[in-house]
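Quick note: the coordinates plus some simple rules give every number you see, no bench work behind them. Just so we're clear, the structure is a prediction, and the values are computed from it rather than from any experiment. For neighbour counting, all protein chains shown are included, and Cβ atoms are generated from backbone atoms with ideal geometry for every residue, glycine included.
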Amino acid sequence: KSTLTSLVAGLLTPAAGEISVCGWPVGRPGAAECRVLIPQEAYVHSGTLAENLCQLRSDPVPEEELLAAAEAVGLAPLLRRLGGPGARVEPAALSAGERQLIALTRAYLSAAPLALLDEATCHLDPDAEARAERAFAVRAGGTLVVVAHRLSSARRADRVLVMDGRDTAYGTHEELLRGSRLYRELTGGWTVSGSQPALPLGDADGVDPVARPGLAGDGRHVVAHGPVGQVQAAGDLGDGGALGGQ
């Protein structure tokens with residue numbers, strides 16, 4: 001999943017074919033202006049909060065716009081606690097979740113229409129994650145691509161891409177429930193509302209990260225995946241990787 005976002009962000013070069021962003025080949029400057037990538041490890045530099053938040057804007061950002069963005073993404077309580085946009089911040093004094101909120105608000109304020117969230121909310125609790133994702137989803141003229149570690153993110157999406165090795169499925173949540181065996185496996189232990197497991201399964205996300213019969217693919221891949229150090233709440237997909245030396 002991270003490889004896919006790295007390709008769209010121009011950090012990796014495809015072995016074959018071509019990727020376009022807003023009509024531009026992915027490696028061209030025009031494509032770079034159309035996208036913003038927010039990785040799992042959020043970057044915050046020493047300086048004022050406003051300097052961090054406005055870093056991706058070439059034009060001055062009115063304070064009203066900055067405050068509105070902070071409110072939309074969920075940064076406003078931290079902004080007030082620190083003392084406002086002019087307050088100085090030291091990255092080491094912030095939690096991982098606070099750094100992610102700053103990085104998310106910075107991306108929200110950018111002019112790029114395409115936002116790529118690569119596990120960018122993994123240190124937030126489910127409510128804070130939902131607020132940030134909804135803010136980007138209604139951002140004017142914007143498109144949001146989320147590498148998700150909670151199934152609640154998939155349920156909020158207009159379209160879902162499921163990847164298991166070379167096997168992929170793409171569609172709405174309802175379409176994938178009908179047409180993707182893997183997606184049904186991943187969602188089978190969940191309630192309709194929220195991200196709470198409906199059954200007492202072995203992992204916090206309700207999906208055991210082990211290969212077992214019935215999963216799509218070659219039977220040797222761990223389906224569930226999440227970053228190390230994330231907030232592991234009910235609704236998270238567990239950390240995983242490939243099995244059998246693959």
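Which residues, taken from region 78-104, are within 22 Å of ALA68 (Cα to Cα) and without any contact (Cβ under 8 Å) to a residue 12 or more places away in the chain?
Of region 78-104, the ones within 22 Å of ALA68 (Cα to Cα) are 78-89, 94, 97-104.
Matches in region 78-104: ARG80, ARG81, GLY83.
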Checklist entry - Which of the residues belonging to region 113-123 are crowded, with 21+ Cβ neighbours inside 10 Å and either in contact with a Leu (Cβ under 6 Å, 6 or more places away or on another chain) or more than 19 Å from ARG150 (Cα to Cα) (or both)? => result ALA115, LEU116
Checklist outcome for this item: Looking across region 83-100 at residues that are in contact with a helix residue (DSSP H, G or I) (Cβ under 6 Å, 6 or more places away or on another chain) and of a type in the set (A, V, I, L, M), the single one that is surrounded by the most Cβ atoms within 10 Å (Cβ to Cβ) is VAL89
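For region 14-29, check the following and say yes or no: at least one residue is under 28 Å from GLY97 (Cβ atoms), surrounded by fewer than 19 Cβ atoms within 10 Å (Cβ to Cβ) and not small (Gly, Ala, Ser). Can you show your working first?
Let us first name the residues in region 14-29 that are under 28 Å from GLY97 (Cβ atoms), namely none.
No, the conditions are met nowhere in region 14-29.
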Checklist outcome for this item: When (1) surrounded by 19 or more Cβ atoms within 10 Å (Cβ to Cβ); (2) within 16 Å of THR5 (Cβ to Cβ) are applied to THR143, the one that fails is (1)
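GLY74 - would you say it is small (Gly, Ala, Ser) and closer than 18 Å to ALA132 by Cα? Talk me through it step by step, then tell me what you get.
On the way: small (Gly, Ala, Ser): yes; closer than 18 Å to ALA132 by Cα: yes.
Yes; evaluated as a whole, the condition is true for this residue.
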Checklist entry - Taking ALA140 and the conditions (1) under 18 Å from GLY74 (Cα atoms); (2) touching a helix residue (DSSP H, G or I) at 6+ places or on another chain (Cβ under 9 Å), which numbered condition does it fall short on, given that it satisfies the others? => result (2)
